[in-house]
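These notes concern the structure reproduced below.
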Amino acid sequence: MSNVKKVAEGTNFTAVDMGKLALLPETANGKAFLKEMTKATGTEISLSVLPARTDLPIFHSHKQNEETYIILSGEGKFQVDDQCVDIAEGSVLRVAPAGLRGMTNSSDEQMIYIVIQSKENSLEQYSMEDGVLLEATPLWK
Ligand code: ZN
């Protein structure tokens with residue numbers, strides 16, 4: 001069950017609304033996946049909420065995708081294989097596919113985090129190598 005709603009779509013974009021992130025546990029079982037709704041072709045992005053003082057119940061690895069975790073709130077620990085690091089708002093972790101990962105939120109607030117999943121070694125160009133500056137008229141004015 002997801003609360004992700006498509007709000008607009010054009011030839012070159014899809015816009016969705018996930019609602020209030022803090023409400024994800026009630027509306028989407030704590031996790032909202034965006035690939036299907038946004039029609040993304042190179043990444044799976046999810047937003048998750050781990051309740052206060054809660055461990056993520058499973059450890060996992062991946063077959064071919066690396067994951068980047070971006071912590072937006074909460075504090076806790078993130079374990080990869082035999083290492084454990086402190087995490088809090090602003091922490092960013094990239095985990096290789098084979099890394100056995102798990103995490104805990106040891107704080108009294110929800111841990112809200114983004115996970116970006118993409119095929120390891122698939123990015124060939126990025127930022128200004130891939131960006132193209134063009135003239136356009138802002139429609140918001
Ligand atoms: Zn994963």
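Computed values, structure above
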item: Test: residue in region 56-75 that is within 16 Å of the ligand (Cβ to nearest atom), touching a residue at least 12 places away in the same chain (Cβ under 8 Å) and on the phi > 0 side of the Ramachandran plot; result: no
item: Selected residue (criterion: farthest from the ligand (Cβ to nearest atom)) from residues of region 28-42 that are farther than 20 Å from Ser91 by Cα and surrounded by fewer than 17 Cβ atoms within 10 Å (Cβ to Cβ); result: Lys39
item: Where Ala8 falls short, out of the listed (1) modelled with pLDDT of 95 or more; (2) assigned to a loop (DSSP other than H, G, I, E, B); (3) surrounded by fewer than 17 Cβ atoms within 10 Å (Cβ to Cβ); result: (2)
item: Test result for Gly19, more than 16 Å from the ligand (Cβ to nearest atom) and touching a residue at least 12 places away in the same chain (Cβ under 8 Å); result: yes
item: Residue count, region 87-139 (criterion: modelled with pLDDT of 95 or more and among the aromatic types (Phe, Trp, Tyr)); result: 1
item: Checking Lys119 against (1) within 16 Å of the ligand (Cβ to nearest atom); (2) closer than 25 Å to Asn29 by Cα; (3) not small (Gly, Ala, Ser), the condition it does not meet; result: (2)
item: Filter pass, Phe78 being of a type in the set (Phe, Trp, Tyr), without any contact (Cβ under 8 Å) to a residue 40 or more places away in the chain, within 13 Å of the ligand (Cβ to nearest atom) and on the phi < 0 side of the Ramachandran plot; result: yes
item: Members of region 81-98 that are under 17 Å from the mean Cα position of the chain (by Cα) and either among the basic types (Lys, Arg) or more than 16 Å from the ligand (Cβ to nearest atom) (or both); result: Ala88, Glu89, Gly90, Ser91, Arg94
item: Any strands (runs of 3 or more DSSP E) falling wholly within region 75-141 and containing at least 1 residues that are touching a Gly at 6+ places or on another chain (Cβ under 8 Å) and surrounded by 15 or more Cβ atoms within 10 Å (Cβ to Cβ); result: 75-80, 83-88, 101-105, 111-119
item: Top-ranked residue in region 46-61 [being modelled with pLDDT under 95 and within 24 Å of Leu123 (Cα to Cα); ranked as surrounded by the fewest Cβ atoms within 10 Å (Cβ to Cβ)]; result: Ser46
item: Close pairs from region 88-107: first under 22 Å from Lys119 (Cα atoms), partner at pLDDT below 95 and in a strand (DSSP E or B), Cβ under 6 Å, at least 6 apart; result: none
item: Single residue of Glu67, Glu44, Glu36, Glu9 found to be touching a Lys or Arg at 6+ places or on another chain (Cβ under 6 Å) and not basic (Lys, Arg); result: Glu44
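The values are calculated or read from the model by the stated rules, or taken from the named source; none is laboratory data. This one's a predicted model, so the numbers in the text were calculated from it and none came from an experiment. Reconstructed Cβ throughout: ideal geometry from the backbone, glycine too, with neighbour counts over all protein chains shown.
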